[in-house]
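Take a look at the structure set out below.
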Amino acid sequence: MKLEFGFLCDYFTNDEFRREIHTLLNRGESVHQLQRAIYHGRILPERGRRRDEMRAISGSHALLTNVVIAWNTMRVQGVVDHWRKEKHPIEDAWLRRMGPVHFGHINFRGTIAFRIEQFEDALLHKSSPQRRAVQAG
């Protein structure tokens, strides 16, 4: 009870503390919105019933979220480095409040094409003509 009372006193009386709490809450909500943007649908009933399936789904979701955050962080750092090199003033306090979870610039519904024709045999476990010749010889 004493800890809760102290927290509330700090929250209501210390503007800097309250601002920091709001920043942390907003950052958490932004990550949640990013996760919903990455996958907004439902998991089909035939998926995610077994523990290993849930782990794979959750891990994939977390990985994609972290990839977006890492990409944004890298791009923001590039802009900051460029601006500082050009002697453009950037306050560290301003940068601290920025979160790298923006996703408006990402097309999550697009199609990604990979050139995998050269790996088709290995991916489909087919035996290539060269492999068949080696196996027959």
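I'm checking my understanding of the structure. Among residues of the range 43-65 that are small (G, A, S) and part of a helix (DSSP H, G or I), which one is nearest to F103 (Cα to Cα)? Going through the qualifying residues, I end up with A62. Residue-level analysis places N26 outside the set of residues that are surrounded by 11 or more Cβ atoms within 10 Å (Cβ to Cβ) and either farther than 16 Å from M98 by Cα or basic (K, R) (or both).
Out of all the residues in the range 49-68, which are more than 12 Å from the chain's Cα centre (by Cα) and open to solvent by 90 Å² or more (accessible area, probe 1.4 Å)? Before you say what the answer is, go through the steps one by one.
Within the range 49-68, the first condition is being more than 12 Å from the chain's Cα centre (by Cα), and the residues that meet it are 49-58.
Matches in the range 49-68: R49, R50, R51, R55.
Looking only at the range 5-19, decide whether some residue is under 18 Å from the mean Cα position of the chain (by Cα), surrounded by 12 or more Cβ atoms within 10 Å (Cβ to Cβ) and either assigned to a helix (DSSP H, G or I) or charged (D, E, K, R) (or both).
No, every residue in the range 5-19 fails to be under 18 Å from the mean Cα position of the chain (by Cα), surrounded by 12 or more Cβ atoms within 10 Å (Cβ to Cβ) and either assigned to a helix (DSSP H, G or I) or charged (D, E, K, R) (or both).
The values are calculated or read from the model by the stated rules, or taken from the named source; none is laboratory data. All of these numbers come straight from a predicted model, not from anything done at the bench. Methodologically, a virtual Cβ is constructed for each residue, glycine included, from the backbone with ideal geometry; neighbour enumeration extends over all protein chains shown. Side chains included, ligands, DNA and RNA excluded: accessible areas come from the protein's heavy atoms. Shrake-Rupley method; radii C 1.70, N 1.55, O 1.52, S 1.80 Å.
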